[in-house]
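Engineer: Mind looking over this structure? Questions follow.
The values are calculated or read from the model by the stated rules, or taken from the named source; none is laboratory data. As the structure is a prediction and not an experimental result, all values here were calculated from the model. Here the Cβ positions follow ideal geometry from the backbone for every residue, glycine too, while neighbour counts run over all protein chains shown. Side chains included, ligands, DNA and RNA excluded: accessible areas come from the protein's heavy atoms. Shrake-Rupley method; radii C 1.70, N 1.55, O 1.52, S 1.80 Å.
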Amino acid sequence: MSAKAVNHQEIVQNLLSTKAVDFAAIGKAVAEMGPSIAVADEPWEGFCGTMRTFIHIYRVPTVGTPVENLNALSAGARELAG
Amino acid sequence: MLWDNEDLERRLCHALDIAKRAVEQLAATGYTDPEANQDRIRPEKVISETAVLLVAASTAASRDGVKARIQHVACLLMPHARSQRILLALCLEPALALDYATAHICLARLGYPDAAFDALLRQALQSQAHRGRERVPHRMLEQHWLMHALSGSWNSRTSAVMRSSVLNCPMDLVGGSRDDVYAFTHAIMYATDFNIHPRRLPRPRAAILAEAEAALARCLDEQDYDLGGEVLLAWPLTGVSWSPPSAFGFRVLARVEDQAGFLPAPSTRIERLTQLHGGDRSNYLVATAYHTIYVMGLLCAAALQPGRTPPCNIPSRFAVPGSAGRLLEILDADGHTAHWREQFDQLRLPERDALAGFLMNVGLRRAITRRDFDGVARLLRTGHGLGLTGTPAASQTAEMLNRLARLPNIVPVQ
């Protein structure tokens, strides 16, 4: 490691110690905005602050939710047909 | 023997009948599930998608039943497509003008113009900010498609946009997400203009469809019929021939539609449906089901075009006898099952063997998802012996194994 190397963990720890980042407030904002961002067609990612990405909110794809039983759905099909 | 055109027409008419209900029930206010606010559908989405379905269906408008339904739904859609809400959006968000005007543009193309709306739209498109939204290539292609529909001619830069899209470079078939497949299917729809005024594709059809086959295998095995139907559009929208996997895919979707009464998506949940009554139940059903039903409508409209009809049977001229059985031995070991398997078991032996490439794609996808790299290598060896590895999915998988093989030289094995 060169003499000019920086310790990223130290930097992060110092920043956390300042308590400049209010994680509770971020959590509250995510809880409020998450549902609408999750269903929004665009943008594909949400960011706040400046053009730099501080917080990534990823939409997790629906995993493991299968199509329902086809025969059970056929009752709904009759309703759809009016 | 080709698929019965009367049957295709019946399926398309079903989609148009649901479009009527979607407009009546959702076009004014969209849909929000009171128990799950995140399950929200904006009215603009329903309005735009219905209009796109009508344009695609117009290629089959020589059939009286289709024509009458298009006219009826178009008349229902017009006040929503040009509502005060949309007009105001054109004024306030010119960068999204074409997005908001999608239904208006489609309706005008179908013979339902509106000069006043058109004038405001063109004013928005001349504003300084109208290009102020950054878009990914398939969304840029959508803008070009809409401008082409508005002006009657393709933009000189459309070819460059197509070259920057996934149509011009191999899709990531190993690590790609559902969004990547979505980008592919939409690029195909816009570039081909549903075969009304198609553009020349930036790569040979065979290269594009070889990747589509891998995406189709993934969709069928995950029972993702929404995306699977869109992937299937790639065949009738780009040429006349249907490969064995695409013919099989169409057959699977048709049988699933027959059994459920509509082509379903996971969004329609029986438990939630039983909790609802009256109008709430009806709105939930239409809101969660309409999109996949539209996809089946798009597919049948394309399949009704001259020379684009899928075969009833799986083309088996190049089948390697016994190849399907060899691969099924490997696939069946994981216990996974899907609707396609019921259809597969009903095929004649040569038809099954003709789908060995499909089975190979399914097997590779499953093994990669499980991170079972020994299983991946075993499949590639078996496939190589059967002459099935000359595909983009197999070669991309082999590249992945080569990268992984390099890892122990970099990261010590724990």
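Engineer: Among the residues of segment B:121-155, write down those that are of a type in the set (Ser, Thr, Tyr) and within 24 Å of residue B:234 (Cα to Cα).
Structural biologist: B:153
Engineer: Out of the residues in segment B:246-256 that are open to solvent by less than 10 Å² (accessible area, probe 1.4 Å) and not hydroxyl-bearing (Ser, Thr, Tyr), state the one that is farthest from the other protein chains (Cβ to nearest Cβ).
Structural biologist: Filtering first and then ranking leaves B:247.
Engineer: Given (1) open to solvent by 50 Å² or more (accessible area, probe 1.4 Å); (2) closer than 18 Å to residue B:52 by Cβ, identify the lone condition not met by residue B:142.
Structural biologist: (1) is the only condition that residue B:142 fails.
Engineer: Please go through segment B:177-189 and pick out each residue that is in contact (Cβ under 8 Å) with a residue 24 or more places away in the chain and either among the acidic types (Asp, Glu) or more than 16 Å from residue B:209 (Cα to Cα) (or both).
Structural biologist: Result: B:178, single match.
Engineer: When you look at residue B:181, is it under 16 Å from the mean Cα position of the chain (by Cα) and under 28 Å from residue B:363 (Cα atoms), yes or no?
Structural biologist: Yes; evaluated as a whole, the condition is true for this residue.
Engineer: Just checking, how many residues over segment B:227-245 are within 14 Å of chain A (Cβ to nearest Cβ) and surrounded by fewer than 24 Cβ atoms within 10 Å (Cβ to Cβ)?
Structural biologist: Looking only at that region, the number is 1.
Engineer: Filter segment B:277-328 for residues that are closer than 30 Å to residue B:23 by Cβ and not in a helix (DSSP H, G or I); which is farthest from the other protein chains (Cβ to nearest Cβ)?
Structural biologist: The selected residue is B:306.
Engineer: Mind listing just one residue for me: the one in segment A:15-31 that is surrounded by 10 or more Cβ atoms within 10 Å (Cβ to Cβ) and in a helix (DSSP H, G or I) and, of those, nearest to the chain's Cα centre (by Cα)?
Structural biologist: Checked segment A:15-31; the qualifying residue nearest to the chain's Cα centre (by Cα) is A:30.
Engineer: Need the failing condition index for residue B:235 against (1) free of Cβ contacts under 8 Å to residues at least 40 places away in the same chain; (2) more than 27 Å from residue B:334 (Cα to Cα); (3) in a helix (DSSP H, G or I), just the number.
Structural biologist: Failed condition: (1).
Engineer: Find the residue count for segment B:175-198, including only residues that are in contact with a Ser or Thr (Cβ under 6 Å, 6 or more places away or on another chain) and assigned to a loop (DSSP other than H, G, I, E, B).
Structural biologist: 1
Engineer: Condition first: open to solvent by 80 Å² or more (accessible area, probe 1.4 Å) and at positive phi. Can you find one or more residues in segment B:342-363 that meet it?
Structural biologist: Looking for residues that are open to solvent by 80 Å² or more (accessible area, probe 1.4 Å) and at positive phi, one finds none in segment B:342-363, hence no.
Engineer: Follow-up question, since we're still on this one. Is it the case that residue B:259 is within 14 Å of another protein chain (Cβ to nearest Cβ), of a type in the set (S, T, N, Q), within 21 Å of residue B:365 (Cβ to Cβ) and surrounded by fewer than 23 Cβ atoms within 10 Å (Cβ to Cβ)?
Structural biologist: Spelling it out, it is not the case that residue B:259 is within 14 Å of another protein chain (Cβ to nearest Cβ), of a type in the set (S, T, N, Q), within 21 Å of residue B:365 (Cβ to Cβ) and surrounded by fewer than 23 Cβ atoms within 10 Å (Cβ to Cβ).
Engineer: Step by step: first the residues of segment B:262-272, then only those that are open to solvent by 10 Å² or more (accessible area, probe 1.4 Å) and either of a type in the set (Phe, Trp, Tyr) or in a helix (DSSP H, G or I) (or both), then the one that is nearest to the other protein chains (Cβ to nearest Cβ). Which residue is that?
Structural biologist: The extreme case among them is B:270.
Engineer: So which residues in segment B:155-176 are touching a residue at least 40 places away in the same chain (Cβ under 8 Å), open to solvent by 30 Å² or more (accessible area, probe 1.4 Å), under 14 Å from residue B:202 (Cβ atoms) and in contact with a helix residue (DSSP H, G or I) (Cβ under 9 Å, 6 or more places away or on another chain), if there are any at all?
Structural biologist: B:170
Engineer: Of all residues in segment B:195-218, which are farther than 25 Å from residue B:390 by Cα and touching a Leu at 6+ places or on another chain (Cβ under 7 Å)?
Structural biologist: B:195
Engineer: So, in segment B:182-204, exactly how many residues are open to solvent by 30 Å² or more (accessible area, probe 1.4 Å) and either closer than 23 Å to residue B:219 by Cβ or not β-branched (Val, Ile, Thr) (or both)?
Structural biologist: Adding up the residues that qualify gives 10.
Engineer: Related question: Name the residue, out of B:21, B:10, B:82, B:63, that is within 14 Å of chain A (Cβ to nearest Cβ), more than 30 Å from residue B:275 (Cβ to Cβ), open to solvent by 10 Å² or more (accessible area, probe 1.4 Å) and at pLDDT 95 or above.
Structural biologist: Criteria check complete, one pass: B:10.
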